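Asker: This is the structure, below, for whatever I ask next.
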Amino acid sequence: MKDIIAENQGRIRAIIKKLTGSYNEDIEQEVYIKTWRNKENYEEKGKFAQWIGALTANVCRDYFKSAQERMAARQAGGSEVLEKVRVGGNQEEILDRKKRQKIILKAVDELPKKMREVIILFEFEELSCEQIAKKTGVPEGTVKSRLHSARKILSEKLQFLRGE
């Protein structure tokens, strides 16, 4: 497990920061726990780094979901005053941001596999087109084409977010 952490810690932290807006040690620890529990279920169909990246994104989604549930429970308890968060504004703004991120992640998940892989590597893992081409074994032009297509699909699916 130490090797898995050493090899993937930077990637996991980058994904967490990209999806949540800041580093969150609790999420990182949850990723390691789920990795440890599910590593027997990993099938050698793809690269382990991609599997753990998807697992990290799922843990982030679960974190957003639980934050929304905590907020709903707090509001149902009769609390009329929203807590202020030192850095990010009030809880409602944070949940709105997280809700938008959840919608975006769902749209990314719905992309065809080849496009999803490229957009995750480019946007979440911050790899260049050249690095993605080497990692996936496809020509750089194909990577750029898939990236363009994925962005176009996401732009159409998420157009309604621009008006908010």
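The values are calculated or read from the model by the stated rules, or taken from the named source; none is laboratory data. Quick caveat: nothing in here was measured; it's all calculated off a predicted structure. All Cβ positions, glycine included, derive from the backbone under ideal geometry; neighbour counts span all protein chains shown. Keep in mind that these areas ignore ligands, DNA and RNA; they rest on the heavy atoms of the full protein, side chains included. Shrake-Rupley method; radii C 1.70, N 1.55, O 1.52, S 1.80 Å.
Asker: From LEU147, LEU127, LEU111, grab the single residue that is of a type outside the set (Asp, Glu), under 15 Å from ALA54 (Cβ atoms) and surrounded by 14 or more Cβ atoms within 10 Å (Cβ to Cβ).
Answerer: Step by step, each of LEU147, LEU127, LEU111 is checked, and only LEU111 is of a type outside the set (Asp, Glu), under 15 Å from ALA54 (Cβ atoms) and surrounded by 14 or more Cβ atoms within 10 Å (Cβ to Cβ).
Asker: Further question on the same structure: Scanning the stretch 121-140 for residues that are of a type outside the set (A, V, I, L, M, F, W, C) and free of Cβ contacts under 8 Å to residues at least 24 places away in the same chain, which turns out nearest to GLY21 (Cα to Cα)?
Answerer: Among residues in the stretch 121-140 that are of a type outside the set (A, V, I, L, M, F, W, C) and free of Cβ contacts under 8 Å to residues at least 24 places away in the same chain, the one nearest to GLY21 (Cα to Cα) is SER128.
Asker: Let me ask you something else. Output the residue which, of all residues in the stretch 39-62 that are modelled with pLDDT of 75 or more and of a type in the set (S, T, N, Q), is least open to solvent (accessible area, probe 1.4 Å).
Answerer: Once the filter is applied, the top-ranked residue is THR56.
Asker: Is it fair to say GLU7 is surrounded by fewer than 18 Cβ atoms within 10 Å (Cβ to Cβ), part of a helix (DSSP H, G or I) and modelled with pLDDT of 75 or more?
Answerer: So GLU7 passes the test.
Asker: Then there is this: What residue, among those in the stretch 133-144 that are modelled with pLDDT of 90 or more and surrounded by 17 or more Cβ atoms within 10 Å (Cβ to Cβ), is farthest from ALA107 (Cα to Cα)?
Answerer: Within the stretch 133-144, the match that is farthest from ALA107 (Cα to Cα) is ALA133.
Asker: Open to solvent by 40 Å² or more (accessible area, probe 1.4 Å) and either at pLDDT below 75 or under 15 Å from ILE15 (Cβ atoms) (or both): does that describe ARG70?
Answerer: When the stated conditions are applied, ARG70 passes them.
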